[in-house]
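One structure below.
The values are calculated or read from the model by the stated rules, or taken from the named source; none is laboratory data. Remember, it's a predicted structure, so these values are computed and weren't measured experimentally. As a convention, Cβ positions derive from the backbone with ideal geometry for all residues, glycine included, and neighbour counts pool all protein chains shown.
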Amino acid sequence: MAQKIGILGGTFNPVHYGHLAAAEEVRDRLKLDRVLFVPSFLPPHKNEEDMPSAAQRLEMVRLAVAGSRNFRPSDIEVRRGGKSFTIDTIEELQESHPGAELYFITGLDSFLEIRSWKDWERLLRKCSFVVLSRPGFRFQDLEELPFLAGSGKELAALDNGEHIQAIVEPDGFRICLEVVPHYDISSTDIRTRVKRSATIKYHLPDAVETYIIANKLYA
């Protein structure tokens, strides 16, 4: 049976319990064998202040997933350097994991911008996409994407709370739409709290908190 591998990319600036909880929810629902956490080297769609080095963000991810049977850190984008385009990452993972089914995990807000991603149509044909609910966004907003224009009934059922999951396959793409619990934790808030010397305990794993303090990140 083919392995099912989830890919969760991002700046992880820093990684926190919201990332871990969402990844575990998806892993359990889709019965993924494991989830790779892939810190970007240079994110093409973000220009964040207080950005530690890629090596530091990768180390925080390593600390966050240490001891987990189901989560793994991946240095694929850090090693490659340059702008971190998802299509390049997926193609490299296909080469290193022949025969595996890849599931790229992203937020609804990001997926709404999919047509701005490099080689987005080729990307959607190469792996399944897992699109997670986000506060302030509706799944019905996806109807503005031409390839999802006929999925109004499924999208409305998610927004109305009738279902927590739907799988749509327009134009040969496979998109898993998931309503997931919202954890009111954000990397932006953590950075702000560190800057004003407020506690960040219980926002992220203790080992990550210790690393941030020891390396004077975000201070």
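Observations on the model:
- Inter-residue pairs, beta-carbon under 6 Å, first in contact (Cβ under 8 Å) with a residue 60 or more places away in the chain and within 18 Å of Leu20 (Cβ to Cβ) and in the stretch 173-195, second assigned to a loop (DSSP other than H, G, I, E, B) and among the hydrophobic types (A, V, I, L, M, F, W, C), 6+ apart: Ile190/Ile200
- The stretch 73-86 - residue that is closer than 13 Å to Pro43 by Cα and surrounded by 14 or more Cβ atoms within 10 Å (Cβ to Cβ) and, of those, nearest to the chain's Cα centre (by Cα): Thr86
- Residues within the stretch 135-150 that are part of a loop (DSSP other than H, G, I, E, B) and more than 17 Å from Glu178 (Cα to Cα), tallied: 3
- Subset of the stretch 90-113 (residues that are of a type in the set (A, V, I, L, M, F, W, C) and part of a loop (DSSP other than H, G, I, E, B)): Ala100, Leu112
- Whichever residue in the stretch 6-25 is β-branched (Val, Ile, Thr) and buried (at least 21 other Cβ atoms within 10 Å of the Cβ) and, among such residues, is farthest from Met60 (Cα to Cα): Ile7
- Pairs, first free of Cβ contacts under 8 Å to residues at least 40 places away in the same chain in the stretch 1-21, second of a type in the set (S, T, N, Q), C-beta under 7 Å, six or more apart: Gly10/Ser40
- The residue that is nearest to His182 (Cα to Cα), among those in the stretch 89-134 that are without any contact (Cβ under 8 Å) to a residue 12 or more places away in the chain and acidic (Asp, Glu), is Glu121.
- All conditions in (1) assigned to a helix (DSSP H, G or I); (2) farther than 22 Å from Gly6 by Cβ; (3) not aliphatic (A, V, I, L, M) hold for Tyr218, with the sole exception of (1).
- Scanning the stretch 54-70 for residues that are of a type outside the set (Lys, Arg), in a loop (DSSP other than H, G, I, E, B) and at pLDDT 95 or above yields a total of 3.
- Every listed requirement among (1) exposed (fewer than 15 other Cβ atoms within 10 Å of the Cβ); (2) assigned to a helix (DSSP H, G or I); (3) modelled with pLDDT of 95 or more; (4) touching a helix residue (DSSP H, G or I) at 6+ places or on another chain (Cβ under 8 Å) is met by Asp171 save one, (3).
- Here the condition is being among the hydrophobic types (A, V, I, L, M, F, W, C), surrounded by 15 or more Cβ atoms within 10 Å (Cβ to Cβ), modelled with pLDDT of 95 or more and out of contact with any His (no Cβ under 9 Å at 6 or more places or on another chain); of Ala157, Ala214, Ala166, Ala198, it holds for Ala166 alone.
- Residue within the stretch 50-70 that is touching a helix residue (DSSP H, G or I) at 6+ places or on another chain (Cβ under 7 Å), within 17 Å of Leu102 (Cβ to Cβ) and either surrounded by 14 or more Cβ atoms within 10 Å (Cβ to Cβ) or among the basic types (Lys, Arg) (or both) present: yes
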